[in-house]
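What follows is calculated from the coordinates using simple rules that are stated; it is not laboratory data. Keep in mind that what you see is a predicted model, and the values were worked out from it rather than measured. Positions of Cβ are generated from backbone atoms using ideal geometry, with glycine treated the same way; all protein chains shown enter the neighbour counts.
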Amino acid sequence: MRSLLAIAAALLTVTPALAQTCRAMDGSYVGVDTGVTDIIPQRCDESRKCQMFGMDGRPIGEPGDTFMPRTASPDGVFAVTAKRSGLQGYMTSDGAWKVAAQFKQAGPYCEMRAAVQRVDSLWVYLDPQGQEVGSPWDAAEAFTEGRGLVTSYKGGHTFLHGYIDTSGKVVIPVTFAGARLFSEGLAAVLVDGKWGYIDRDGKMVIPPRFAEADPFRGGRAVVRTSADYGKNAGLIDRSGKFVVEPKYEQISSVSESFWSIGGIDPAYHGDSEEPPLLVRLVDAEGRPISKRIYNSIGAVVDGLMSVCLNSRCGFMDTSGKIVIAMKYKSVEDFQEGLAAVTSDGDHYGFIDRTGKLVLSERYESLGPHKEHFGPGPFVNGLAPAGCKGHWGFIDKNGSWAIPPIYALAQSFDNGFAPVEIKTGTAHLRPDGSAIDFTPAEVDAPTLPARPCGVPLARAAG
């Protein structure tokens, strides 16, 4: 077995040469995270009739052409289903077809390669110009870490899996009964009914002995010793050694260095689809960080993570110390130095990292159908917030930067924010101007001078 230093050196020599690198998605065996979310606004009505738009409000593509979620790459290329043919191709953010719609399915570009399914149902990889690379396969997944996962059907119920490089050459033989994407230089493969891990050369570095095996994160991977999802989840290191013994119902990453471990509260006897958990925080060596147990532990953001127990929530630091008291009914993660909190579940305010309430709990959480949504988070100084059944955006002073005239609002991303209007979901720019709708489509209320006691930094309309 190669040393960890040798493995790390091999990765360092490969990674810089790869472009548009995707990573294996958390909670998925073959899905990828491109690092890019939706890059253009897309309006769809209740019948799913869609129209894409540029940031200048100009329609992109033909009416009915549809942007495919989770396919955008950092260079602005994304998969689109053409209304006329029902086939998929690739478009740029200016509305130009980069690769004509001619495929049954089109995945994201990762490392300058995209897996597509042709009309003959075989899968191939495309280069950025839309030219096929290598041979066709019965299935193909996105590239991660220089390896593309491919599948060959052998008849009956037999499918075998292996890996190719970006030239299309088979570099790890197509012999595995199951296989998953590479992450941190290792990929889980199924041999004789058990999962183990191979390196990028195809060498078995962790022998097959697990019933389930997740991608590596921060040098650790969640595995199960039996398939019944009982108390059999553990955490292994890159050598296959257990750093957390396989005796838990649930293990999940809260950062590259910390994990929550635990299971369903044994005192619970209800029939909820999401029964309450009891979990504690451990580090990457399996050492307990928190002395207490919690119902939930949030992701680490700037050294703090939310924790809740019995409907009381606060924040803990990475030493396990509660630094913001557990006195709130619900809290959201910190972003841009502020986190939304609520004492009654209906009215939210924002605290800073010291726990000081800098924006009082006057913003409301009700959506258009009386469901609850937490305000925030702040993005470039603006956060969605509710007031009397309508939503707008507040600035960090708490003033309405965009008045609360929409049925619902979500945070800004890539320069635009979704808002609910009479005719469905539409989109705003940060200055409050409409991208893809008119004022007549907004069922705007008559606003007082200070909605929910908050001044208007910008006039409605």
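For this structure, a couple of remarks:
- Taking the range 357-461 and dividing mean pair separation by its residue count, relative contact order in percent (alpha carbons under 8 Å, at least six apart): 21
- Candidate cross-link partners of LYS356 among the aspartates and glutamates, defined by an alpha-carbon separation under 20 Å and a same-chain spacing of 8 or more, comprise ASP302, ASP317, GLU332, ASP333, GLU336, ASP344, ASP346, GLU364, ASP395.
- For the range 140-182 versus the range 375-410, the inter-centroid distance based on Cα atoms is 47 Å.
- Least to most buried among CYS387, CYS452, CYS110 (fewest other Cβ within 10 Å first): CYS452, CYS387, CYS110
- For the chain, averaging the sequence separation of C-alpha pairs within contact (under 8 Å, six or more residues apart) and dividing by the residue count gives a relative contact order of 7 percent.
- Ordering of 178-185, 317-324 by packing [mean C-beta count within 10 Å, highest first]: 178-185, 317-324
- Rounded FRET efficiency, nearest 0.05, which uses the C-beta distance separating ASP26 from ASP192 and R0 of 25 Å: 0.35
- Fully extending the segment from ASP75 to ARG450 would add 130.7 nm, taking 0.36 nm per residue of separation and subtracting the current Cα-Cα distance.
- Which of CYS50, CYS44 has the fewest Cβ neighbours within 10 Å, and the rest in rising order: CYS44, CYS50
- Cα centroid separation, the range 287-331 to the range 201-231 (Å): 28
- Each of (i) 62, 53, 52; (ii) 69, 59, 43; (iii) 66, 54, 48 is a candidate for Cα extents along the principal axes in Å; the one calculated from this structure is (ii).
- Dipole magnitude (debye, nearest 20) for the range 357-461, charges at Cβ of Lys, Arg, Asp, Glu: 280
- The modelled label-to-label distance between SER399 and THR438, using points 7 Å beyond Cα along the C-beta direction, is 3.2 nm.
- Partners of LYS49 within straight-line reach, counting lysines whose Cα lies under 24 Å from its Cα and excluding those fewer than 8 residues away in the same chain: LYS83, LYS98, LYS104, LYS422.
- Rounded to the nearest 20, the Cβ-based charge dipole of the chain about its Cα centre (Lys and Arg +1, Asp and Glu -1) stands at 660 debye.
- For the pair GLU285 and CYS44, the difference between a 0.36 nm per residue extended length and the Cα-Cα distance amounts to 82.0 nm.
- Cross-link partners of LYS169 among lysines (Cα-Cα below 18 Å; sequence separation of 8 or more within a chain): LYS203
- Likely footprinting exposure, THR158, THR81, fewest C-beta neighbours within 10 Å first: THR158, THR81
- Over the chain: helical MRE at 222 nm, DSSP H runs n ≥ 4 each giving -39500 (n - 2.57), nearest 500: -500 deg cm²/dmol
- Fully extended contour minus Cα-Cα distance, from GLU371 to ARG292, at 0.36 nm per residue: 25.3 nm
- Nitroxide proxy distance, nm - points 7 Å out along Cα→Cβ at LYS154 and ASP94: 4.9
- Residues in the range 137-155 that a label on SER121 would reach, taking backbone N under 17 Å of a point 7 Å out along Cα→Cβ: 137-140, 151-155
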